[in-house]
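The numbers here are math on the coordinates, done by the rules we state, and not lab data. Just so it is clear, the model here is predicted, and its values are computed rather than measured. Quick reminder, even Gly has a Cβ in these numbers, built from the backbone with ideal geometry, and neighbours come from all protein chains shown.
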Amino acid sequence: MEKDKVELVAIGGSAGSLEALLEILPALKPDFPVPLVLVLHRKSTTDTILTNLLQSRSSFRVREIEEKEPLRPGTLHIVPPDYHVLIEEDRTFSLDDSEKVNYSRPSIDVVFQSAAKVYQSGLVCVLLSGANADGTEGFRQVQELGGTTIAQSPESAEVGYMPGQAIAANTAGKIMNNKEIIAYLNAITR
Amino acid sequence: MERSISNEELELLLNDVLEVHGYDFTDYSRASIHRRVNRLLMLDSFPSFAELRFRVRNDAAYLKRFVEEITVNVTEMFRDPDAYRAIKELVFPQLFSKPFIRVWHAGCSTGEEVYSMAILLHEAGLLHKSLIYATDINPEVLERARAGIFPLSQMKQYSENYIAAGGTEDFSSYYTARYDKVIFNENLRKRMVFATHNLVSDSSFNEFQLILCRNVMIYFDKNLQNNVLHLFDASLEKLGYLALGAKETIKFSGIIPKYKQLEKHKIWRKIK
């Protein structure tokens, strides 16, 4: 796909994905040209440790999503614990506290599916380390609507199960280690 | 691929529900309600949008199910324990001198938060002079709230939340377990009034010292949020409190100049 058509990068991670993020995020260029959305499985808490940690390692803006907030280029938007996040046609975030999906709220599938509907071929999704099957169905919809799906290679992931599920279901269009993911994302231009 | 309806079909359906039944969902945030309708299409195995639309237009019993399923009725006791602790420590001390305390839980769903509030009021010695008005758009969920019967399997989590919220008693003393359910004590329920109320179309019905509306307005668009906040403002006495969900704010509404936020909590006091 054409990297100058990318409009959004969405990253999903679960167990063991923080290590990957701490390698990938500091290596991304500071003037990252499109918005980034990060959905992580984490314990329900209102603390700001994750946001502060990722901000300290990133050269772009990192903030936890507030409802109705617009997606902004050069910003890493973190999905808050205990809510699903959806993206509206006008490219703002909506929060939703409905049933868990894949035993998870937030669910990676919900974010990927919602983003796919709005951004279609302009979406790049990355699925990192985890011990859950979340993300696979989201990947399916991203592919069907013309977006790009990248699974962290299971052998390079802390916990290979989650990206492995997407690969097994044939919904991962590309399989990359962290260095390749960094190079791919840094090649995105607008 | 999941079965789904188009944006245009969603608008047709929402217009039907308004015109035929008088329920107005047209100012709800689209992404969430769209997902809920697609979910219902699958759950109830409609072969196509046309069948769903016909059923919603013509079957009043099904309409009830439709409204209950497209609104989100997921709730828990003492969700966000910090918020309850803040109410206990910052709001209750201002209520001690009141002869009578009226609390409104708007959009209370199946009532878990209503029982949570009753327990906190009880422990503060305020319950006997309080009345909690618990309202929701769905009559069915209010029936469940009124019954006060919840799954036993949830009690471990609720007990942890209760302790984190600053509860001082043995949580299990508030209910009686039978098989896989628990029923909460009658003395809590005695201080609750349940009624249907639609935040979109119904008006203010009383004046309150405390209004709680948590994780309800996240489903509304900005315009409707603003209208509902004005409804709350009109229903709150001076120096009363408004408590919202962890990710909600009154910052972008017209009522903000009359309110002061309590530290970083999602609680605002009406100061004008």
So, for the Cα atoms of the range B:16-149, Rg and Dmax in Å stand at 18.8, 60
Candidates B:Thr135, B:Thr71, B:Thr176; GNM for chain B (alpha-carbon contacts under 10 Å) flags as most fluctuating B:Thr176
Given Cβ charges of +1 for Lys and Arg and -1 for Asp and Glu, the option among B:Val37, B:Trp104, B:Ile137 whose Cα lies farthest towards the positive end of the dipole of chain B is B:Trp104
quick shape note, the range A:3-186: Cα extents on principal axes in Å, largest first -> 35, 35, 33
As a Kirkwood estimate from alpha-carbon pairs, the range B:7-70 has a hydrodynamic radius in angstrom of 11.6 Å
Counting only DSSP beta bridges with both partners in chain A, the antiparallel fraction in percent, to the nearest 5, comes to 20 percent
Scalar couplings 3J(HN,Hα) for the range B:61-78 by Karplus 6.51 cos²θ - 1.76 cosθ + 1.60 (θ = phi - 60°), nearest whole Hz, x for Gly and Pro, are 5, 5, 4, 4, 5, 4, 5, 5, 7, 7, 8, 8, 10, 9, 8, 8, 7, 6
Most exposed first, judged by fewest Cβ atoms within 10 angstrom, B:Leu18, B:Leu52, A:Leu123, A:Leu38 run B:Leu18, B:Leu52, A:Leu38, A:Leu123
Links exceeding 32 Å between C-alpha atoms in this model, out of A:Lys117/B:Lys222; A:Lys68/B:Lys238; A:Lys174/B:Lys222; A:Lys68/B:Lys258; B:Lys64/B:Lys264, come to A:Lys174/B:Lys222; B:Lys64/B:Lys264
Mean projected area (nm²) from the convex hull of Cα positions in the range A:99-180 is 5.0 nm²
Across all Cα atoms of the range B:138-248, Rg and the largest Cα-Cα distance (Dmax), in Å, are 16.6, 46
Once both label points are put 7 Å beyond Cα along the C-beta direction, the B:Glu69-B:Lys251 separation in nm becomes 3.7 nm
Once the in-chain neighbours fewer than 8 apart are removed, the lysines whose Cα is under 16 Å from B:Lys190 read B:Lys129
Checked against the positive end of the charge dipole of the range A:3-186 (+1 on Cβ of Lys and Arg, -1 on Cβ of Asp and Glu, about the Cα centre), the farthest of A:Ala183, A:Ile108, A:Thr51 is A:Ala183
In terms of the charge dipole of the range A:49-146, which places +1 on Lys and Arg and -1 on Asp and Glu at the beta carbon, the residue among A:Ala131, A:Ile87, A:Thr75 farthest towards the positive end is A:Thr75
About its Cα centre, the range B:7-70 carries a charge dipole, from +1 on Lys and Arg Cβ atoms and -1 on Asp and Glu Cβ atoms, whose size in debye to the nearest 20 is 240 debye
With R₀ set to 45 angstrom, the calculated FRET efficiency between the beta-carbons of B:Ile271 and A:Ala187, to the nearest 0.05, is 0.25
With +1 on the Cβ of every Lys and Arg and -1 on the Cβ of every Asp and Glu, the dipole magnitude of the protein assembly as shown about its Cα centre, in debye rounded to the nearest 20, is 1140 debye
Length-normalised contact order of chain A, Cα under 8 Å, at least 6 apart, in percent, tallies to 25 percent
Karplus-derived 3J(HN,Hα) from phi for the range A:132-140 (6.51 cos²θ - 1.76 cosθ + 1.60, θ = phi - 60°), whole Hz, x at Gly and Pro, runs 10, 9, 4, x, 5, 5, x, 4, 4
From DSSP H assignment alone, runs of 4+ in chain B each adding -39500 (n - 2.57), the sum over residues rounded to the nearest 500 puts [θ] at 222 nm at -11500 deg cm²/dmol
Taking every residue of B:31-41, the Cβ atoms of other protein chains inside 10 Å of its Cβ average out to 4
To the nearest 20 debye, chain B has a Cα-centred charge dipole, built from +1 on Lys and Arg Cβ and -1 on Asp and Glu Cβ, of 860 debye
The relative contact order of chain B, taking Cα pairs under 8 Å that sit 6 or more residues apart, comes to a percentage of 17 percent
Helix B:49-58: inclination vs chain B longest Cα principal axis, degrees, rounded to 10, gives 60 degrees
For the range B:81-270, the convex hull over Cα atoms projects on average to an area in nm² of 10.2 nm²
Most exposed first, judged by fewest Cβ atoms within 10 angstrom, A:Asp82, A:Asp90 run A:Asp90, A:Asp82
Amide H proximity to B:Lys181 below 5 Å, modelled H, separation 5+ or other chain, gives B:Leu152
Expressed as a percent, the portion of alpha-carbon pairs in the protein assembly as shown spaced more than 45 Å apart is 14 percent
Within the range A:92-190, DSSP-loop chymotrypsin sites (Phe, Trp or Tyr not before Pro) with at most 15 other C-beta atoms within 10 Å are A:Tyr103
